[in-house]
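A.B. asks: What follows is a single structure, and I will ask about it in a moment.
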Amino acid sequence: MDQRNQQRRPKVIIDCDPGHDDAVAIILAHAHAEVLGITTVSGNAPLLSTTQNALSVLELIDEDTPVHSGAAAPLKGWEKGEAIHAEGVHGVGGLGGVELDAPSRSVASSDAVQFLLTATRAHTDVWIVAIGPLTNVALALQKDPTFSERIAGISIMGGSATVGNATRVAEFNIWADPEAADVVFRSGARLKMCGLNLTHQLTTTDELVEQLREMNSKNSIFVAALFEFMHGRMEELIGRRRSALHDPCAVIAITHPELIVSEARAVAIELDGTHTRGMTVVDERVTRRRDPANVEVAYSIDADRAMSLVVESVRN
Ligand code: BDR
Ligand code: CA
């Protein structure tokens, strides 16, 4: 065991689809949490790629956290049962713009759901940090409904209390598997939601890329390349060279909750709407007649301190 204070480090399992911001979240989580394992899911890229990417990132940062691959397609599937990916944002392999060695290590298993169930029986107070489509987490809840009671909770990067990104109103992780999100949001588990309304407050800039390059560590150079690729993509997509650092917010919600202000809200997943499938419908009514809350919705983050955490996590 290293010198870091294990006492104060929350136990987490990261369910992810790396993905540029997933990679940063993995690095950040290893700096501040006890990461029991990583489970991978189809999302930004096909499952094979997201799994290879998770292994490669762990190899880069010299961590031997076990990786368990999971769902290759959403619960219901879209037309022709295909999974949908975000190659237009993250590149075909999920980590466009960076050259990582193929990992020399391999997965601990290809049964992410079983790992989620077993690890949370062996350990108490585990947070699931879910930063991809929610397929694996939903399957775990369906297989064992007591899963929701024995975990500390689920910290989700997904959804939005305002606009969407995959569609006008739907955020990518929820839109990629709305049925899975519906299972999770109705599960009764403690849920924290870092949606786009929050994550757009934590943005990377070209100055930050320079700062990371000057830091000149193996990990800072890697993360600088991730950000630079994403700035190119954003320049094409929105006309600005800056990018929201979505997934690390769901890590910070657990490791540094004091940096985030949340409010309890009722949130439902829209499954049917012609224009709204995959939307997180948040009860924002100002009257006392709001529906009973099931989610801690994050509304603001101390972006300066949050970004300092990200930068410090790649110093070595
Ligand atoms: C989310 O979708 C993915 O593209 C990112 O990795 C993040 O988890 C943002 O909508
Ligand atoms: Ca992600």
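A.B. asks: Search the structure for amide H atoms under 5 Å from the amide H of V295, placed 1.01 Å from N in the peptide plane, and list their residues when 5 or more places away or on another chain.
C.D. replies: Correct list: R265, V267.
A.B. asks: Got a sec to turn the phi values of segment 186-197 into Karplus ³J(HN,Hα) couplings, 6.51 cos²θ - 1.76 cosθ + 1.60 with θ = phi - 60°, whole Hz, x for Gly and Pro?
C.D. replies: Coupling constants for segment 186-197: 9, 6, x, 5, 5, 10, 10, 10, 9, x, 4, 4 Hz.
A.B. asks: Could you work out the relative contact order of segment 91-234, using alpha carbon pairs under 8 angstrom and six or more residues apart, expressed as a whole percent?
C.D. replies: Rounded, it is 23 percent for segment 91-234.
A.B. asks: Can you give the Rg and Dmax of segment 186-285 based on its C-alpha atoms, in angstrom?
C.D. replies: 17.0, 49
A.B. asks: Under the rule a/c < 1.5 gives rounded, and otherwise a/b versus b/c splits prolate from oblate, where does segment 3-313 land using the Cα gyration tensor?
C.D. replies: rounded
A.B. asks: I want to verify a result. In a Gaussian network model of the chain, Cα cutoff 10 Å, which of these has the top mean-square fluctuation: T204, T255, T274?
C.D. replies: Sorting by GNM fluctuation, first place goes to T274.
A.B. asks: State which helices in the chain qualify, where a helix is a whole DSSP H run, it must extend 18 Å or more along its own axis by its Cα atoms, and its mean Kyte-Doolittle hydropathy must be at least 0.0.
C.D. replies: 20-32, 47-60, 218-238
A.B. asks: So how do 101-113, 142-154 stack up, highest first, on mean other-Cβ count within 10 Å?
C.D. replies: Most protected by this proxy first, the peptides run 142-154, 101-113.
A.B. asks: Name the residue, out of P178, P46, P292, whose mean-square fluctuation peaks in a Gaussian network model built on the chain with Cα pairs under 10 Å.
C.D. replies: For the chain, modelled as a Gaussian network with Cα springs under 10 Å, the answer is P292.
A.B. asks: Excluding ligands, DNA and RNA, what is the solvent-accessible area per residue of the chain at a probe of 1.4 Å, expressed in Å²?
C.D. replies: So the chain comes to 43 Å² accessible per residue, rounded to a whole number.
A.B. asks: Another one. Spit out the partnerless Cys residues in the chain, using Cβ distances under 4.7 Å as the pairing rule.
C.D. replies: For the chain, the answer is C16, because their Cβ atoms have no other cysteine Cβ under 4.7 Å.
A.B. asks: Ok, one more. How would you classify segment 32-102 from its alpha-carbon gyration tensor, with a ≥ b ≥ c the square roots of the eigenvalues: rounded for a/c under 1.5, else prolate if a/b is greater than b/c, otherwise oblate?
C.D. replies: oblate
A.B. asks: Restricting things to alpha carbons, tell me how big segment 1-133 is in terms of Rg and Dmax, in Å.
C.D. replies: Cα only, segment 1-133: 14.6, 51 Å (Rg, Dmax).
A.B. asks: When ranked by the protection proxy of mean other Cβ atoms within 10 Å per residue, highest first, what sequence do the peptides 59-67, 218-226 form?
C.D. replies: 218-226, 59-67
The values are calculated or read from the model by the stated rules, or taken from the named source; none is laboratory data. All values reported here derive from a predicted model rather than from experimental measurement. FYI the Cβ positions are ideal-geometry reconstructions off the backbone, even for glycines, and counts take in every protein chain you see. Each accessible area value is taken on the protein alone, full model and side chains, heavy atoms only, with ligands, DNA and RNA left out. Shrake-Rupley method; radii C 1.70, N 1.55, O 1.52, S 1.80 Å.
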